[in-house]
Amino acid sequence: MEILKIENLKKTYGEGKTKVEALKNINLNAERGQMIVIIGPSGCGKSTLLNLISGIDKATDGDIIVEGGNISELDENSLALYRRRQLGIIYQFFNLIPNLSVENNIKLPILMDNKEVETEYFEELVTSLGIKDKLKAFLDKLSGGGSNREWL
Ligand SMILES: Nc1ncnc2c1ncn2[C@@H]1O[C@H](COP(=O)(O)OP(=O)(O)OP(=O)(O)O)[C@@H](O)[C@H]1O
Ligand SMILES: [Mg+2]
């Protein structure tokens, strides 16, 4: 089943002399369960593409269709729900929330939706990640020097 379809996607930053055409007519199809790696030199538009797919930035033109719905047509509220419910993004620098525990960082999108966390799935997840003993810890307590980057 097709989960993502990108059609003639364009993203232009700036205008006039500072205009940058970061993406010119990108087309991409992805099936459910498919793994896709985007590689290319610095400045070729990888982050731009991911920012558009994840609804963080708006395309200049073209369509991004996720599970049959065109995210280009969503307003800010619907985009926030799309990011919360349909996406998982792991940034290079994680962007975790330091004053929440490890457990609540993981559960945050579900809690924001006032939904029940599936205990069995949560257990399976933290067991597979080997972080069961870290769940109650706050991120700044996980490693020295105030950096949280070593443990994940
Ligand atoms: N906010 C912005 N304003 C203007 N130009 C931008 C902006 N963001 C990115 N660009 C330009 O768009 C082009 C694509 O940038 P992008 O960050 O998507 O590349 P990248 O492939 O992720 O690079 P890297 O491998 O260095 O992370 C580059 O020419 C960049 O300078
Ligand atoms: Mg980048």
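The values are calculated or read from the model by the stated rules, or taken from the named source; none is laboratory data. Note that the coordinates shown come from a computational prediction; the quantities given were computed from them, not determined experimentally. With ideal geometry, Cβ positions are generated from the backbone for all residues, glycine too; neighbour counts draw on all protein chains shown. For the accessible areas, the whole protein counts, side chains as well, though only heavy atoms, and no ligand, DNA or RNA atoms are used. Shrake-Rupley method; radii C 1.70, N 1.55, O 1.52, S 1.80 Å.
Work out the FRET efficiency for E67 and T18 from their Cβ-Cβ distance, taking R0 = 30 Å, and round it to the nearest 0.05.
The computed FRET efficiency comes out at 0.25.
Would you tally the net charge around A30, using a Cβ to Cβ cut-off of less than 15 Å, leaving A30 out, and scoring K and R as +1, D and E as -1? Before the final figure, lay out each step's value.
Working: positive: K5, R32; negative: E2, E7, E31, D63, E67.
In short, -3.
Equivalent ellipsoid semi-axes for the chain, as square roots of 5 times the alpha carbon gyration tensor eigenvalues: give them largest first, rounded to whole Å.
Values: eigenvalues 211, 79, 45 Å².
So the three semi-axes of the chain are 32, 20, 15 Å.
Just to verify a number: FRET efficiency for L125 and Y91, C-beta to C-beta distance, R0 = 22 Å, to 0.05?
Working: r = 19 Å, r/R0 = 0.86.
Efficiency computed from Cβ-Cβ geometry: 0.70.
Leaving out ligands, DNA and RNA, what percent of the accessible area of the stretch 30-140 is carbon and sulfur, probe 1.4 Å?
Values: 4150 of 7710 Å².
It is 54 percent, rounded to a whole number.
To the nearest µm²/s, what D does Stokes-Einstein give for the stretch 2-86 at 10 °C and 1.306 mPa s, using the Kirkwood radius over alpha carbon pairs as Rh? Before the final figure, lay out each step's value.
Values: Rh = 13.5 Å.
Reported coefficient: 117 µm²/s.
With labels modelled as points extended 7 Å from the Cα through the Cβ direction, what inter-label distance (nm, one decimal) is found for L100 paired with D113?
My value for the distance between the label points is 1.4 nm.
Angle, helix 102-112 long axis vs. longest principal axis of the chain, Cα atoms, 0 to 90°, nearest 10?
Between helix and principal axis, roughly 60 degrees.
At 1.4 Å probe size, put L142, L87 in order of accessible surface, largest to smallest. Numbers along the way, then the final one.
Details: L142 30, L87 50 Å².
The ranking, largest first, comes out as L87, L142.
Looking at this model, which pairs from K58/K107; K58/K141; K17/K46 are more than 29 angstrom apart at the alpha-carbon?
Where the Cα-Cα span goes over 29 Å, the pairs concerned are K58/K141.
Which angle from 0 to 90°, rounded to the nearest 10, does the C-alpha axis of helix 76-86 make with the longest principal axis of the chain?
Its long axis makes an angle of about 60 degrees.
About the Cα centre, and with charges only on the beta carbon of Lys, Arg (+1) and Asp, Glu (-1), how big is the dipole of the stretch 102-146? Nearest 20 debye, please.
Working: 6 positive and 9 negative charges, 56 e Å.
The dipole magnitude comes to about 260 debye.
Using a probe radius of 1.4 Å on heavy atoms only, what accessible surface per residue do you get for the stretch 85-137? Whole Å² is fine.
78
Might you tell me the accessible area per residue for the stretch 1-77, computed with a 1.4 Å probe and given in Å²?
Working: 5180 Å² over 77 residues.
Ligands and nucleic acids excluded, the figure is 67 Å² per residue.
Sort the following peptides by mean Cβ neighbour count (other Cβ atoms within 10 Å, averaged over residues), highest first: 31-44, 117-130, 71-84. Provide the component values of the computation, followed by the final result.
Numbers: 31-44: 8.4, 117-130: 10.9, 71-84: 13.4.
Ranking, from highest mean packing down: 71-84, 117-130, 31-44.
What is the distance in Å between the Cα centroid of the stretch 91-142 and that of the stretch 32-87?
What the calculation gives is 24 Å, centre to centre.
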